[in-house]
Amino acid sequence: MRADASWCSLCYHDLRPAPAPVDPTPTPGYAGLDPLTAPLLDLVLPPVPAPVEPAPAPPAAAATAPAPRVASDAPLTWPCTRCGDTNRIDSPVCGTCGAAFLAAASEKVSLVVPGLGDLSQYSRGQRVGIAVAVMMAVLVPLALITFLLTPSPSGDTSGTTQTTITEVKP
């Protein structure tokens, strides 16, 4: 690693110095009094004692900067993702199992569906057919349920009303 690195490139360990602690006591506005809630807070909360000033630190215990990291004499290595053996950083393959550097990261991801198997082994047309069949298996029952549960229209479908006139003879 470089001397100015802020994190490890292999394990992502944070190498930055720890942040300074934050004082948890809030800084009250308006001299610590809120005109709306001050009487209520006096009744609900116990009185807060005045903060005690810490004793000044002796001059010898002054904060020091973190010691710079010193490069070790050990050779840099990388772990094999298959067998776990460590290899020299300049070797592109594992000396034990022969796997390439980060060989597991280059493996193809597969999707195995029960009843169908690995979908990556099907052609593109077959995968489209499977997707259409799954959509139809979901949409057709939903359409049937909607059709069966929708009430039928009542009475005349023409939208006009007919009146019958009967002739009355005197």
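All of the numbers you see were taken from the coordinates with simple rules; none came from a lab. All values derive from a computational prediction rather than experimental measurement. Backbone-built Cβ (ideal geometry, glycine too); neighbour counts: all protein chains shown.
Please find the FRET efficiency linking VAL52 to ALA74, where r is the Cβ-Cβ separation and R0 is fixed at 45 Å, and quote it to the nearest 0.05.
Working: r = 49 Å, r/R0 = 1.09.
The pair VAL52/ALA74 has a calculated efficiency of 0.40.
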Determine the gain in length on full extension of the stretch GLN126-VAL112; use 0.36 nm per residue of separation and subtract their C-alpha separation, reporting nm with one decimal. 3.6 nm
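As an exercise, use a Förster radius of 22 Å and the Cβ-Cβ distance of ASP90 and ARG16 to find the FRET efficiency, rounded to the nearest 0.05.
With R0 = 22 Å, the Cβ-Cβ based efficiency is 0.15.
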Please express the Cα-Cα pair-distance distribution P(r) of the range 96-153 as a list of whole percents, one per 10 Å bin, running from 0 to the bin with the greatest distance. 17, 26, 21, 17, 9, 5, 3, 1
The extension gain from SER9 to LEU139, computed as 0.36 nm times the residue separation minus the Cα-Cα distance, is 41.9 nm
